[in-house]
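**Q** So that we are looking at the same thing, I have put the structure below in structure tokens.
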Amino acid sequence: MKKLIFSLCIVISTIFSSCTDIVDIDVPNGGARLVIEASINWEKGTVGNEQAIKLSTSTAYFDSNPDAPATGATVTITKENDGSQFVFTDQNNGNYTTTAFVPEVGVAYTLTIIYNGQTYSATETLVGFTQINSVSQEEGFNEDEFRVRVLFDDPINEENYYLGEFVQANLAVPSLASIRDEFVNGNEAFVLHFDEKNVSGTEIDIKVFGISERFYFYIEQLIEQSGTQGGGGPFQTTPAQLKGNCININDPNEEVLGYFRLSQFARTSYTIE
């Protein structure tokens, strides 16, 4: 019996000691790619002249410093209906800013970036938004959890797409929700925000943006892959490289990360009761 116990101890010890082996994982590195964060957001009731674009380069998976700002670029946006051009000034930290932007709903704009001898470009139309009518709450899946519903009017005889952004102190990153008016065209529409941290006393900063069809499908994939708004689980889609609308004019095969979009939005706040 003692021999049996001793043998079992040796087997168990061997199993646990084998688990301490260090395994080096070789993660493929495809090289640095330009990352373009170009969201031109125009809040209703403001001039919208102050805008910013952020440029960076991607880094290796295990890099201890993931923030690699791209400086020294030339960044401009051209308003296609009258040819006016807005120059974004390099702040030497990856941010490029202007105080002279002129937003106009329904007008196409072209972003041009010259960086390291390469020219990058994207064209989008500034999408408008109506107004937020009201915000309400309802019980969630758990007793102490609430869902927040933001209601707004959807214009008739148009295909419209929307993005809701919810910022609160107890969430590390904003929660996003996107919808289209396929079944509510011309009626009151809503975006729904639900999270297990939506408890009584939670203050939420709410924005609802009008977005383009192409950006809608882009952000839908991003939301699904990030697992926000109830995503994730064993049957979720395998993450894939998201392709934005920015391209390298000199080399169309280059992978460029990020998206150029222009949106009008309305903003409000709500505290869960």
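The values are calculated or read from the model by the stated rules, or taken from the named source; none is laboratory data. All values derive from a computational prediction rather than experimental measurement. Neighbour counts run over all protein chains shown; Cβ positions are idealised from the backbone, glycine included. Side chains are part of the model used for accessible areas, which takes the heavy atoms of the whole protein and leaves out ligands, DNA and RNA. Shrake-Rupley method; radii C 1.70, N 1.55, O 1.52, S 1.80 Å.
**Q** Tell me, which residue of the range 246-257 that is modelled with pLDDT of 95 or more and in a strand (DSSP E or B) is farthest from ILE211 (Cα to Cα)?
**A** So the residue we want is ASN248.
**Q** Here are some residues: GLN137, GLN131. Which one is over 22 Å from SER212 (Cα atoms) and not basic (Lys, Arg)? Break it down into steps so the answer makes sense when it comes.
**A** Details: GLN131 fails: over 22 Å from SER212 (Cα atoms).
Step by step, each of GLN137, GLN131 is checked, and only GLN137 is over 22 Å from SER212 (Cα atoms) and not basic (Lys, Arg).
**Q** Also, I was wondering about something else. Just name the residue that is modelled with the lowest pLDDT out of those in the range 215-245 that are over 14 Å from the mean Cα position of the chain (by Cα) and either among the hydrophobic types (A, V, I, L, M, F, W, C) or not in a loop (DSSP other than H, G, I, E, B) (or both).
**A** Checking each candidate, the answer is PHE235.
**Q** Sticking with this one: When only residues in the range 46-68 that are open to solvent by 30 Å² or more (accessible area, probe 1.4 Å) and modelled with pLDDT of 95 or more count, which is nearest to PHE101 (Cα to Cα)?
**A** ASN49
**Q** Now a separate question. Considering only the range 146-180, state which residues are in a loop (DSSP other than H, G, I, E, B), in contact with a strand residue (DSSP E or B) (Cβ under 8 Å, 6 or more places away or on another chain) and in contact (Cβ under 8 Å) with a residue 12 or more places away in the chain. Break it down into steps so the answer makes sense when it comes.
**A** In the first step, residues of the range 146-180 are kept if they are in a loop (DSSP other than H, G, I, E, B); the result is 154-160, 168-174.
After this cut, where a residue has to be in contact with a strand residue (DSSP E or B) (Cβ under 8 Å, 6 or more places away or on another chain) as well, the list is 154, 159-160, 168-169, 174.
Residues satisfying the conditions are ASP154, GLU159, ASN160, GLN168, ALA169.
**Q** Only one of these conditions is not met by TYR162: (1) over 19 Å from GLU43 (Cβ atoms); (2) open to solvent by less than 40 Å² (accessible area, probe 1.4 Å); (3) of a type in the set (Ser, Thr, Tyr); (4) under 23 Å from the mean Cα position of the chain (by Cα). Which number is it?
**A** Status for TYR162: all satisfied but (1).
**Q** Here is a further query. Any residue that is open to solvent by 60 Å² or more (accessible area, probe 1.4 Å), at pLDDT below 95, outside any strand (DSSP E or B) and within 28 Å of GLN225 (Cβ to Cβ) - is there at least one of those in the range 136-145?
**A** Keep residues of the range 136-145 that are open to solvent by 60 Å² or more (accessible area, probe 1.4 Å), which gives 139, 141-144.
Now restrict to residues that are at pLDDT below 95: 139, 141-144.
Next cut, outside any strand (DSSP E or B) only: 141-144.
Subsequent filtering for residues that are within 28 Å of GLN225 (Cβ to Cβ) retains 141-142.
The answer is yes, given that some residue of the range 136-145 is open to solvent by 60 Å² or more (accessible area, probe 1.4 Å), at pLDDT below 95, outside any strand (DSSP E or B) and within 28 Å of GLN225 (Cβ to Cβ).
**Q** Separate question: Answer yes or no: is there a residue in the range 184-191 that is more than 30 Å from SER58 (Cβ to Cβ), at pLDDT 95 or above, open to solvent by less than 30 Å² (accessible area, probe 1.4 Å) and of a type in the set (Gly, Ala, Ser).
**A** yes
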